[in-house]
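The values are calculated or read from the model by the stated rules, or taken from the named source; none is laboratory data. Here the structure is a predicted model, which is why all the values come from computation and not from measurement. Here the Cβ positions follow ideal geometry from the backbone for every residue, glycine too, while neighbour counts run over all protein chains shown.
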Amino acid sequence: MDAVELFGGMKLTRKFIAALVVGVAIVALIQAFFDYRREREVFDKQMRAEATALGRALARGMAEVWARDGEATAREFLLMASSKSQFIKARWVWLDARTDPPHASKEALAPMHEGQTVTIKDEASNALLTYIPVVAPDPPPTVTSHEPPPIERREGGIEIAQNLADLDKYTADSLRNQILGSISEVVIAATLALVLGMLFIGRPVSRLAAKARRVGAGDLEGPLTLRQRDELGELATEINLMCDRLSEERSAREAATDQLRHADRLTTVGKLASGIAHELGTPLNVVSGRARLIRDGEVDGADAVDSARIIAEQSDRMTAMIRQLLDFARPRALQKAPVNVTVMAARVAELVATISKKAQVEIHVPPHDDSLRVEADDGQLNQVLINLVVNAIQATPSGGSVTISAERVDQTAPPYVESASREWLAIKIADTGIGMDDETSRRIFEPFFTTKPVGDGTGLGLSVTWGIVREHGGWIDVESAPKKGATFTVYLPAGAAAVKEVAA
């Protein structure tokens, strides 16, 4: 099996691989999407947790420094702590926004008034902002009184900014790795599916299809063996069993067909025999009379020689008539060879001459033409013409005629013939008989269908004729109308015979 034949029979495998690849790709992409979202959420939570923990630690430290050493020292403490990390920046903000305003809006930072931590994603700076509330006192105003001044408490907090570029880069790398992993999974799955599909689907299906084509062409030999024990292996076993049964049935059918054709031939012989027996009467009388003359010594010399010559001629004539009838009746294997249709038409006319004379129907045959040859079995084609001519004689009243003609024609074959050839040899048998209606014309080739009285026909002659013509790759057309006669046209392939004729 070559590569073209193998891959040409892998349509099912390709569909299976496509479905598998699409399924794996969808699953892999869905998994990559959820993994990407999960990793981003985990990374985001980690950033928030880190910012919150750091902010709270800085808030406690800054509050202590602020209370002990003042705002400047506290801010310096915050700046030093923030400078130790390149990924996190911290600064002090006042919620009243008089100085050091936060980047977030007042509405977003409202929970800080209740001491809650607020985390906001700033799209403008692509940063994650975390706000930790810190209550720090303002320095007391300068007074001359010895009483302690009232302490003014302002709400502020620490703003921790985390650049999301690192998160985006990490998640982008993660997404890329997920996609590459998914592509690798798809490629591996497709490769495995291709290899396994070729081994377990493609090759077996191709072999099954090739076997089916051979069976369709009539080749039932050679069992198909598949070593796999699955549904395809079972199908191969069933096909082999089917071929065995078809082979047996074909042998039986061929035998039955041969018997049927031989029976039809013998039926025709019976019709011809009575006429031939009558035809033999005249030469037998001549032979008998001439023999008595010689026996009784009534002739001698040249007359005796002449009588002997006449006896020999009449004997040859009777022998030829009997041999012709026996050759037609004798069964033999199908053997195609170039056949001159005009010669056969003349021979058929001689065989049915007695029947036509008795029915008072004239038979017209085509003139001899060596170009009108066809590749056919002589005996079977002879049977076809005799059946058609005898039926035409029986359908024609006294005084009518049956005309046999032949010609090469350019004709398109009907669909059931399945032939692209356009050159055919057309053999026409036309009569001037009673004709047929459309219903009879449609059924004329059905087995056991006959319009003759009971005992005059079996209804098998035209059915056998149709089968023989179809076996030769041709078909039969019928044109008829009531009281206007009928014309049966036998179309046979003219190609092979034409080639032989040109070669000769």
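Would the stretch 208-228 turn up any residue that is touching a residue at least 40 places away in the same chain (Cβ under 8 Å) and in contact with a Leu (Cβ under 9 Å, 6 or more places away or on another chain)? Within the stretch 208-228, one or more residues are touching a residue at least 40 places away in the same chain (Cβ under 8 Å) and in contact with a Leu (Cβ under 9 Å, 6 or more places away or on another chain).
Remark: pairs (first residue in the stretch 392-421, farther than 24 Å from H364 by Cα; second residue among the charged types (D, E, K, R); Cβ separation under 6 Å; 6+ apart in sequence or on different chains) = D410/R422.
Scan the stretch 80-99 and report the pairs whose first residue is not assigned by TED's automatic domain parsing to the domain that holds I158 and whose second residue is surrounded by 12 or more Cβ atoms within 10 Å (Cβ to Cβ), with Cβ atoms within less than 6 Å and a gap of 6+ or a chain change. Every condition considered, no pair remains.
Could you go through the stretch 443-456 and let me know if any residue there is modelled with pLDDT of 75 or more, farther than 16 Å from I386 by Cα and outside any loop (DSSP other than H, G, I, E, B).
Going through the stretch 443-456, the residues modelled with pLDDT of 75 or more turn out to be 443-444.
Filter again for farther than 16 Å from I386 by Cα, leaving 443-444.
Still in the running and outside any loop (DSSP other than H, G, I, E, B): 443.
Within the stretch 443-456, one or more residues are modelled with pLDDT of 75 or more, farther than 16 Å from I386 by Cα and outside any loop (DSSP other than H, G, I, E, B).
At positive phi, in contact (Cβ under 8 Å) with a residue 24 or more places away in the chain and over 60 Å from the mean Cα position of the chain (by Cα): does that describe G115? So G115 fails the test.
All of (1) surrounded by 13 or more Cβ atoms within 10 Å (Cβ to Cβ); (2) of a type outside the set (V, I, T); (3) closer than 25 Å to R38 by Cβ; (4) modelled with pLDDT under 80 hold for K169 with one exception: (1).
Could you tell me which of the residues A190, A236 is outside the structural domain of A25 (by TED's automatic domain parsing) and either surrounded by 17 or more Cβ atoms within 10 Å (Cβ to Cβ) or out of contact with any helix residue (DSSP H, G or I) (no Cβ under 8 Å at 6 or more places or on another chain) (or both)?
Within the list A190, A236, the selection yields A236.
Just one of (1) crowded, with 16+ Cβ neighbours inside 10 Å; (2) over 15 Å from E155 (Cα atoms); (3) of a type in the set (V, I, T) fails for V118. It is (2). With a requirement of 2 or more residues that are among the hydroxyl-bearing types (S, T, Y), surrounded by 17 or more Cβ atoms within 10 Å (Cβ to Cβ) and at pLDDT 70 or above, the helices (runs of 4 or more DSSP H) lying completely within the stretch 269-380 that satisfy it span 353-359. The single residue among I393, I434 that is modelled with pLDDT of 85 or more, outside any helix (DSSP H, G or I) and under 26 Å from K484 (Cβ atoms) turns out to be I434.
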